[in-house]
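See below for the structure under consideration.
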Amino acid sequence: MTALIVARFDVKNADKMDAYATAAGPTVLAHGGEFVAIGDKVSALVGDEKKHSIAIVSFPDAAAAKTWFASPEYTACKPLREEAADMQFTLYETE
């Protein structure tokens, strides 16, 4: 069953965000992940939601997604992530 990680984030420091993306991107690919979408909110269609950006990453399954998130390579990126943006990661399994 395919798994998706949806990352919602508010950038605090654009330069550090660029550095985080440069460092974290290859770790996703090394663990079988694929970026599905990266973008900024245009408008809320229903409800009132604050503006944020998203990244959606597809993995072969939830185990692969969890392995990537806990990997030493990605763990090394976490301090930079915390300086770059306020982020929320959610894991979904899809059919």
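The values are calculated or read from the model by the stated rules, or taken from the named source; none is laboratory data. Small disclaimer: the values here were computed from a predicted structure and weren't measured. Cβ placement follows ideal geometry from the backbone for every residue including glycine, while neighbour counts extend to all protein chains displayed.
Restricting to region 59-90, and then to whatever is touching a Leu at 6+ places or on another chain (Cβ under 9 Å) and farther than 14 Å from residue 35 by Cα, can you tell me which residue is surrounded by the most Cβ atoms within 10 Å (Cβ to Cβ)?
69
Considering region 59-95 alone, what residues qualify as being part of a strand (DSSP E or B), closer than 20 Å to residue 13 by Cβ and not hydrophobic (A, V, I, L, M, F, W, C)?
If the condition is that a residue be part of a strand (DSSP E or B), closer than 20 Å to residue 13 by Cβ and not hydrophobic (A, V, I, L, M, F, W, C), then 86, 88 are the ones that fit.
For the list (1) within 24 Å of residue 15 (Cβ to Cβ); (2) among the aliphatic types (A, V, I, L, M); (3) loosely packed, with under 12 Cβ neighbours inside 10 Å, I need the number of the one condition that residue 56 fails.
Failed condition: (3).
Would it be correct to say that residue 55 is in a helix (DSSP H, G or I) and at pLDDT 95 or above?
So residue 55 does not fit the description; no.
Which members of region 29-49 meet the condition of being of a type in the set (Asp, Glu) and free of Cβ contacts under 8 Å to residues at least 24 places away in the same chain?
The answer is 40, 48, 49.
Of the conditions (1) farther than 22 Å from residue 92 by Cα; (2) at pLDDT 95 or above, residue 48 fails just one. Which one is it?
It fails just one condition, (2).
Considering only region 1-46, how many residues are exposed (fewer than 14 other Cβ atoms within 10 Å of the Cβ) and within 15 Å of residue 84 (Cβ to Cβ)?
Qualifying residue count, region 1-46: 8.
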